[in-house]
1. Give me the pairs: first residue in region 38-61 and within 22 Å of V132 (Cβ to Cβ), second residue of a type in the set (S, T, N, Q) and at pLDDT 70 or above, beta-carbon distance under 6 Å, and six or more apart or on different chains, which are they?
2. If you go through region 145-167 one residue at a time, do you hit one that is of a type in the set (A, V, I, L, M), crowded, with 20+ Cβ neighbours inside 10 Å and under 11 Å from the mean Cα position of the chain (by Cα)?
3. From K99, K78, K112, which residue is out of contact with any His (no Cβ under 6 Å at 6 or more places or on another chain), free of Cβ contacts under 8 Å to residues at least 60 places away in the same chain and more than 20 Å from S25 (Cβ to Cβ)?
4. Could you check E20 against (1) modelled with pLDDT of 90 or more; (2) under 22 Å from V106 (Cβ atoms); (3) surrounded by fewer than 20 Cβ atoms within 10 Å (Cβ to Cβ) and say which number it fails?
5. Hey, can you tell me all the residues within region 115-131 that are of a type in the set (V, I, T), farther than 11 Å from T163 by Cα and crowded, with 24+ Cβ neighbours inside 10 Å?
6. I'd like the full set of residues that are surrounded by 20 or more Cβ atoms within 10 Å (Cβ to Cβ), touching a strand residue (DSSP E or B) at 6+ places or on another chain (Cβ under 6 Å) and hydroxyl-bearing (S, T, Y), limited to region 54-109.
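The values are calculated or read from the model by the stated rules, or taken from the named source; none is laboratory data. What you see is a predicted model; the values in this text were computed from it and never measured. Backbone-built Cβ (ideal geometry, glycine too); neighbour counts: all protein chains shown.
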Amino acid sequence: MRSQYLLQLLLCVILFTLAESGRTSYKIWKVARNYRESSKWSVWSSWGWRVDFFGKNKCNLFVYDVLNEAGAKAPNRKPGKISPIGANEWANPRSTYVKNTGCYSVVSFGQKRRGDIIAFGRYKTSGHVGIVSLWGNYISAGRYRIVEKSIPNMNGTSIIRTTVWRYTC
């Protein structure tokens, strides 16, 4: 009886994965996971040819690059140019930059799922942004490498707002 239950559970997981595998949100998550442990977006790297990003946090640039690699529309500050929005802009649930893409909608924290963009707004600092993963984790650019870690709660932190965006195109 137990083995039959496990077989049914495994079948459900496989079918769910196959059903979701063609969706862009799944691709976003998959691309992000493939970069775990990469130092490409570390504080001590430049961003492509842009040396002006050396010495700066690049969580927003990681999200921008992941979205583009997954075939999703990434918001830009200047249309037609490479000008990614910052983490605090991702944390703004009314962001015109994000909404102008026509491809994102805000979902509640409780509705988050892998491939969603999660942003933590902070007061008087740059905030943080990453890609929702599994089991209450998210993937983002840390100081030295891409990490997958637990989504922080707001108790005792400088986080003033958490916003979750879902890609809908």
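1. C59/S140
2. Yes, the conditions are met somewhere in region 145-167.
3. Residue meeting the stated conditions: K78.
4. Only one criterion in (1) modelled with pLDDT of 90 or more; (2) under 22 Å from V106 (Cβ atoms); (3) surrounded by fewer than 20 Cβ atoms within 10 Å (Cβ to Cβ) is unmet by E20, namely (1).
5. Applying the first criterion (of a type in the set (V, I, T)) to region 115-131 yields 117-118, 125, 129, 131.
Pick out the ones that are also farther than 11 Å from T163 by Cα and you get 125, 131.
Answer for region 115-131, where residues must be of a type in the set (V, I, T), farther than 11 Å from T163 by Cα and crowded, with 24+ Cβ neighbours inside 10 Å: just I131.
6. Y64, Y104
Yes/no per residue for (1) among the aliphatic types (A, V, I, L, M); (2) more than 25 Å from N34 (Cα to Cα):
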| site | (1), (2) |
| --- | --- |
| T101 | no, yes |
| Q111 | no, no |
| R122 | no, yes |
| V129 | yes, no |
| G136 | no, no |
| I139 | yes, no |
